[in-house]
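The values are calculated or read from the model by the stated rules, or taken from the named source; none is laboratory data. Everything numeric here is computed off the predicted structure, so don't read it as measured data. Neighbour counts are summed over all protein chains in view; Cβ atoms, including those assigned to glycine, are modelled from backbone coordinates with ideal geometry. Heads up: the accessible areas ignore ligands, DNA and RNA and are worked out on the full protein's heavy atoms, side chains in. Shrake-Rupley method; radii C 1.70, N 1.55, O 1.52, S 1.80 Å.
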Amino acid sequence: MRLSARQVSSLSRVMKTLAEPYSESEVRAKVAAELLELLEAQFCASYVWQPDTKCFDQRVNLHMDPENLVRYEQHYQFHDPITPDLQKHRAAVKVSDVMPQSELAKTEFFNDFLSRDGLHWGVNLFAWDGEENIGDLRIWRDRRREDFSKLNLQVLDLVRPAFVAALVRSRQHRRSTAGLSEPAVLSARESQIARLAASGLMDKQIARHLAISVTTVRTHIEHVFRKLSVSNRTMLAHRMKP
């Protein structure tokens, strides 16, 4: 496998990211962004398979319309002609290897879902921990570019073991900290913002109080919600009680 200097540099960043102690969703989001650069692709969505409900959730996405992805989650994933076959593979696989692009282009799935965001050429990588599918990366290019190459697949297969290991570590950490108090789970800044939010302050008020941007506040609150397994401020206030 021969890589250019740019590709080697990008691959090094991917591996460095996968060695860091990020949460599961952060792992998927950060490595997705770096793989788009490495593979010269434009779009990525990532999900986690739920065997009990037979559906994908916990979405992370880059450069794709969230409303269109909601349509996928509510309807098109249940009428998806390619992902069930792609999911069977333990190695990286091109969409065109499970369905020729000319055939895919005739489907409702392509015309009413994929083409809305300009998705044309795809490659998928599913992370398997034994018999459990713990995450995936669905990377796409538009029609102006070429299909993914054998080299692209080799790069993804090189990344795959580290990707799986990073997700496993993050999942184990989440489970081990599930019963801990919030200071043991949150960073100092996250804990500070969590307590302000739990006290009733809104995002703009917290931003003014801490002299940071509203965007930064919201990012920290998203991390707090995920780490503490809460979905709103009422639940947060209850979780933050001593």
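Things to note:
- For Met202, solvent-accessible area (1.4 Å; no DNA, RNA or ligand), Å²: 110
- Lysines whose Cα lies under 26 Å from that of Lys106, excluding same-chain neighbours fewer than 8 positions away: Lys54, Lys88, Lys94, Lys150
- Surface share of carbon and sulfur [accessible, 1.4 angstrom probe, percent] for the chain: 52
- Its DSSP H runs of at least 4 residues, each contributing -39,500 (n - 2.57), put the calculated 222 nm mean residue ellipticity of the chain at -16000 deg cm²/dmol, to the nearest 500.
- Sequence ranges 2-9, 153-160, ranked by mean other-Cβ count within 10 angstrom, highest first: 153-160, 2-9
- Whichever aspartates and glutamates have a C-alpha closer than 20 Å to that of Lys16, once near sequence neighbours (fewer than 8 apart) are set aside: Glu24, Glu26, Glu34, Glu37, Glu40, Asp136, Asp157
- Label of the coordinate-derived value, Cα Rg over 2.2 N^0.38 Å, listed as [x] 1.02; [y] 1.10; [z] 0.96: [y]
- Accessible area per residue in Å² at 1.4 Å probe, computed on segment 199-242: 66
- Distance from segment 114-176 to segment 204-242 (C-alpha centre basis), Å: 30
- Split the chain at each of the GluC sites (Glu not before Pro) in a DSSP loop with at most 13 other beta carbon atoms within 10 Å, and the longest piece is 1-130.
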